[in-house]
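Remarks on the structure that follows.
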Amino acid sequence: MSRLPSPGSDNGTWGQILNDFLSVEHNADGTLKLRNDGSLNSLFDAAGSADAARAAAIADAASKYQTKTFINVKDFGAKGDATANDTAAIQAAINYANSLTEGAHNQIVGGVVYFPSGFYITDTLTLLDNVYLHGGRIGNEGYRAAPAKLVPSSAVTGTSFMITQGASVRNAGIIGFSMYGQGGTTTTGCINLPNATNVVVSACYIDNWGAEALILGGGDCVLSYNNLTGLLNTGAVNSQRGAATISGGDHQISHNEFTGPSQYAVSSTNLYCAGALINTYSAEFDHCVFQTADVGCVISGGACNRFVGCRFDTNAGHGLMCSSGTSNIFAGCAWNRNSYSGAGNYDHINVPSGGGSLMYFDAPLMNNQSGPAVRYCINDQKSSATYHNTYLYPHGDLGVSGLSSLASSNASVIVNVPGASIISGVYLSQTLAANGAVTFNAASA
């Protein structure tokens, strides 16, 4: 009969005696054993009336979750060896996770499909409801390569994507992967979820895609701590697109880097390639970076979005272009080193005459540390915005030496807002204040 070791005796056999005792109630991995009726072996005496209710509750919980909800793709035959095509195994794991239900209640609970470290080659995968794909990275680790890598097979061709959905997808996620495209000679994209609800894309390093790194639509999605690079095949882009194209509403979007094809040259005078193309409603953009594109960020529609602590940085053309949309708020954002394709060609903020309206900019900081001079810090032809507490360092950031001149073609005009906008609390760098050549082309300042 199994027993506990006796103090003062059992010398040299304590470990074996204790293991024998524990093995009565526990599996080798430390979890409690289940009886045939699904109840746990210990913790209660089913014959005792006081413990009967407890026994029934634990048995019910155990019966609900006897099926694994944490699924390893290698259990379904995935190799992750950079040679085998793992499509069938990965999709089988996704389908299985989608089929998991909650016992007698028959409610779908789904599961997590885990990818151990490896290099997984795949055709197009379909993400299903209640399934979370997990590659091992979490939090802010999306800015560097992850141990689980997904790459498209030769079957991902034309304008197809590596991960997509059916008619829609909800309560799902893609977390902690590196996903590498085939570069600027292709027209394929990475993730296409145009009708998603409560979907999370987080901690992913998505790089080297000829088309979009991400298309996300729907509502109530979370996009966080990702590095997304796309639209490298600029010759195939003949309309306004973004390395990330985001639509829908009520998304939470934080700490992402949206990266286009180049900081040094625009793809065309149409400025078709954006770091992010945004047409959302009531979305939150928190500490995101929009960089190395024709335009860092293009707002093409939507309303009532809020950008907090974002950076529009190192773009060949404009930092931000508001071509449409209304009632968007920018608080504590920064514009730096834009117009990289040529000094004086493009603006930090550009609003065409038919562009976005009723925008509010609070404490925007504009400078060009170690970069070319922009044409205008603010070039608002729509003139229906409010610019409050604006900090201007157009060319000569915080005393950086040798960068004291403005764009030569517009050396005396750094704010071009000819209509009825409100401009209040403008602060100039010491360099600009000292040269005495700064004026504003503004109807109300």
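Okay, here's what the table says:
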| item | result |
| --- | --- |
| Surface accessible to a 1.4 Å probe, VAL73 within the full protein complex, Å² | 0 |
| Approximate spin-label separation VAL308-SER2, in nm, with each point projected 7 Å along Cα-to-Cβ | 5.3 |
| Surface accessible to a 1.4 Å probe, LYS382 within the full protein complex, Å² | 70 |
| PHE161, PHE177, reordered so the largest accessible area comes first (probe 1.4 Å) | PHE161, PHE177 |
| Fraction of accessible area attributable to carbon and sulfur, region 120-215 (%, probe 1.4 Å) | 49 |
| Cα gyration tensor shape for region 258-339, rounded if a/c is under 1.5, else prolate or oblate | oblate |
| Solvent-accessible heavy-atom area per residue, rounded to whole Å², over region 209-251 at 1.4 Å | 26 |
| Summed residue charge, Cβ within 14 Å of THR280's Cβ, Lys/Arg positive, Asp/Glu negative | -3 |
| Fraction of antiparallel bridges per DSSP, region 283-380 only, in percent to nearest 5 | 0 |
| Potential extension, ASP250-SER282 segment - 0.36 nm per residue separation minus Cα distance | 11.0 nm |
| Shape of region 272-313, Cα gyration tensor, a/c cut at 1.5 | oblate |
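The values are calculated or read from the model by the stated rules, or taken from the named source; none is laboratory data. Values in this document were obtained by computation on a predicted structure and should not be read as measured data. In this analysis, Cβ positions are derived from the backbone assuming ideal geometry, glycine residues included, and neighbour counts consider all displayed protein chains. These accessible areas exclude ligands, DNA and RNA; they are computed on the full protein's heavy atoms, side chains included. Shrake-Rupley method; radii C 1.70, N 1.55, O 1.52, S 1.80 Å.
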